[in-house]
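Have a look at the structure below before the remarks.
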Amino acid sequence: MSILKLERLTKESFAPFGDVIEIANRDWFPINGGTTRRYHDQGRVQVTGADGQGGISMARGDAFEFPLSIKMLERHPLGSQAWIPVNGTPFIAVVAPNGSDDLPDESAIRAFYVEGVQGVNYHLGTWHHPLMSLGRMGDFIVIDRIGTASNCDECVLRQVRIVDGSLKAGSEDIPLSGP
């Protein structure tokens, strides 16, 4: 069993896995006669397959507390998947690059603390853990591929990882309590 230390979620640190959806430090332009700021093009919806189309859903995730046990990862080979909290609930995003054997590269698994004002868009094929709302039940907008073809591969990890809430060096300013 090994410990995964939490990292701050930034556009740059998460780029190999997907997009960070947030307002802070992002460019915007006015719309609706100047009454609204649009933070444009935060991520791209990726959809493949004959009957696939982009869809918007909602989900309610159970509350998790540290330590978190990471035993498996999943990926969506036919589309991206975005998770955007609507009630300010932070969550943990555990991700891994694809390995040479077409399974998660277990030597490169990372854990990110996602603030309740951020969302993530996992790119097509990105290995990730299912939703883990931190501290309380969370409501989320989900934007992903809708269709009849199977779009979820799962992989049981060879070694269990634990996210104990400890921070990776340089991430000391992460607020680890819920909202």
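Laboratory data are not the source of any read-out in this text; all were calculated from the coordinates shown. None of these values were measured; they are calculated from a predicted model. Note that each Cβ is placed from the backbone with ideal geometry, even for glycine, and that neighbours are counted across all protein chains shown.
Listing for the model above:
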read-out	value
Cross-link reach list, lysines versus LYS168, counting only Cα pairs under 18 Å and skipping chain neighbours closer than eight places	LYS5, LYS11
Residues in segment 104-122 reached by a label modelled at ARG158 [backbone nitrogen below 17 Å; 7 Å Cα→Cβ]	104-110
Contact order normalised by residue count of the chain, Cα under 8 Å, 6+ apart, percent	37
Gaussian network model of the chain, Cα within-10 Å springs - most flexible of GLN42, GLN159, GLN118	GLN159
Additional length obtainable on full extension of the chain from SER100 to GLU74, 0.36 nm per residue less Cα span	7.7 nm
The chain, helix-only ellipticity at 222 nm - DSSP H runs n ≥ 4, -39,500 (n - 2.57), divided by all residues, nearest 500	-500 deg cm²/dmol
Hull volume in cubic angstrom per residue (convex hull over the Cα atoms of segment 2-163)	122
Whole-Hz ³J(HN,Hα) from phi, Karplus 6.51 cos²θ - 1.76 cosθ + 1.60, for segment 123-128, glycine and proline x	5, 3, x, 6, 6, 8
Longest site-free stretch - the chain; sites: GluC sites (Glu not before Pro), DSSP loop, at most 11 other Cβ within 10 Å	66-171
GNM flexibility winner over the chain from TRP127, TRP83, TRP28 (Cα, springs under 10 Å)	TRP28
The chain: most fluctuating residue of ILE109, ILE56, ILE162 per GNM, C-alpha cutoff 10 Å	ILE56
Potential extension, TYR39-ASN25 segment - 0.36 nm per residue separation minus Cα distance	4.0 nm
